[in-house]
Structures are given as C-alpha cells and as structure tokens.
1. Rank TYR47, LEU28, ASN18 by how far each Cα sits towards the positive end of the charge dipole of the chain (+1 on Lys, Arg Cβ; -1 on Asp, Glu Cβ) and give me just the farthest.
2. Once the other residues with Cβ under 12 Å from the Cβ of THR61 are scored (Lys, Arg +1; Asp, Glu -1), what is the net sum?
3. Evaluate the charge dipole of the chain about its Cα centre and quote only its size in Debye, nearest 20, assuming +1 on the Cβ of each Lys and Arg and -1 on the Cβ of each Asp and Glu.
Amino acid sequence: MYLPEIGTRLKQLRSQRNISQIDLARQLGVSKSVISSYENEIHLPPYDVLIKMARMFGVSTDYL
C-alpha cells in the first residue's frame with residue numbers, strides 16, 4: 001500500500017511543532033536516517049511506528 005503524502009504530512013507536522021528529525025527519531029526509537037527516509041518517501045513506516053506518530057501529533061493514521 002502506497003501512501004503518497006505521508007512524507008509531506010510528517011515533515012509538515014514535525015515543522016509546525018519545531019521538532020527536529022533527531023528529536024522525533026529519539027521519541028519513536030528509530031534513527032534520524034529512518035525519519036529522513038519516511039519524509040522522502042523512500043520507506044514507509046511500519047504500522048506500529050505509524051500509530052506512535054499519529055498519537056504524538058494528535059492525528060489519525062488515515063491522515064498520515
């Protein structure tokens with residue numbers, strides 16, 4: 001399943017809250033390069049990480 005806007009939305013949410021890629025990576029338990037790969041839509045986050053991101057940003061997984 002391809003989610004074409006996840007990178008854009010993740011970057012936008014992160015920027016709105018002034019959270020760096022490094023800080024987000026720490027909170028999710030992944031590396032900064034993993035966050036970059038999500039934002040550049042090279043990789044999609046696994047469902048458990050997607051749920052953590054949605055909860056963190058107060059949005060639905062569908063929105064992401």
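Readers should treat all values here as calculations from the given coordinates under stated rules, not as data from a laboratory. Keep in mind that this is a model prediction, so the values were computed, not measured. With ideal geometry, Cβ positions are generated from the backbone for all residues, glycine too; neighbour counts draw on all protein chains shown.
1. It is ASN18, whose Cα lies furthest towards the positive end.
2. Around THR61, the charge tally is +1.
3. Details: 8 positive and 6 negative charges, 52 e Å.
The calculated dipole for the chain is roughly 240 debye.
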